[in-house]
1. Every residue in the stretch 8-51 that is among the aromatic types (F, W, Y) and touching a Leu at 6+ places or on another chain (Cβ under 8 Å), please.
2. Would you check which residues across the stretch 8-28 are among the aliphatic types (A, V, I, L, M) and surrounded by 11 or more Cβ atoms within 10 Å (Cβ to Cβ) and list them?
3. Among the residues of the stretch 38-56, are any among the hydrophobic types (A, V, I, L, M, F, W, C) and surrounded by 10 or more Cβ atoms within 10 Å (Cβ to Cβ)?
4. Only one of these is assigned to a loop (DSSP other than H, G, I, E, B), modelled with pLDDT of 90 or more and acidic (D, E): D16, D53, D21. Name it.
5. Checking R2 against (1) in a loop (DSSP other than H, G, I, E, B); (2) open to solvent by less than 100 Å² (accessible area, probe 1.4 Å): exactly one of these is not met. Which one?
6. Show the residue pairs that are 6+ apart or on different chains and have beta-carbon atoms under 7 Å apart, the first residue being within the stretch 33-57 and farther than 25 Å from R67 by Cβ, the second being in a helix (DSSP H, G or I).
Amino acid sequence: MRIRISMPDYLVEELDRCAGDRPRNAFVCELIRRGLDEHRWDEIDAALGAVEDTGHAWDRDPGAWVRQQRRGDGRRSG
């Protein structure tokens with residue numbers, strides 16, 4: 001199937017630079033396929049606001065909390 005899209009010149013130049021020797025169409029198809037496969041933005045949007053702003057064990061000293069978590073992780077050494 002064919003589609004037509006419009007892009008500013010600077011974006012087409014960057015596209016061609018990144019695509020290198022690959023055909024532009026194949027490169028664009030791969031970029032779109034990867035973007036659609038990831039679907040991460042929907043998950044990120046759904047997670048926004050899921051964690052309260054306060055009331056966490058790490059609120060007072062996040063660095064100390066992380067170090068404590070790392071010491072308690074039996075998979076880490078040192």
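The values are calculated or read from the model by the stated rules, or taken from the named source; none is laboratory data. Bear in mind the structure is a predicted one, so any value in this text is a computation, not a measurement. Virtual Cβ from ideal backbone geometry, glycine too; neighbours counted across all protein chains shown. The protein model used for the area step is the full one, side chains on, heavy atoms only, and it has no ligands, DNA or RNA in it. Shrake-Rupley method; radii C 1.70, N 1.55, O 1.52, S 1.80 Å.
1. Pass one, the stretch 8-51, residues among the aromatic types (F, W, Y): 10, 27, 41.
Residue satisfying the conditions is F27 alone.
2. Pass one, the stretch 8-28, residues among the aliphatic types (A, V, I, L, M): 11-12, 15, 19, 26, 28.
Those that are among the aliphatic types (A, V, I, L, M) and surrounded by 11 or more Cβ atoms within 10 Å (Cβ to Cβ): V12, L15, A19, V28.
3. So in the stretch 38-56, the residues among the hydrophobic types (A, V, I, L, M, F, W, C) come out as 41, 44, 46-48, 50-51.
With surrounded by 10 or more Cβ atoms within 10 Å (Cβ to Cβ) added as a condition, the list becomes none.
Among the residues of the stretch 38-56, not one is among the hydrophobic types (A, V, I, L, M, F, W, C) and surrounded by 10 or more Cβ atoms within 10 Å (Cβ to Cβ), which makes the answer no.
4. Numbers: D16 fails: assigned to a loop (DSSP other than H, G, I, E, B); D53 fails: modelled with pLDDT of 90 or more.
Being assigned to a loop (DSSP other than H, G, I, E, B), modelled with pLDDT of 90 or more and acidic (D, E) holds for just one of D16, D53, D21, which is D21.
5. It fails just one condition, (2).
6. none
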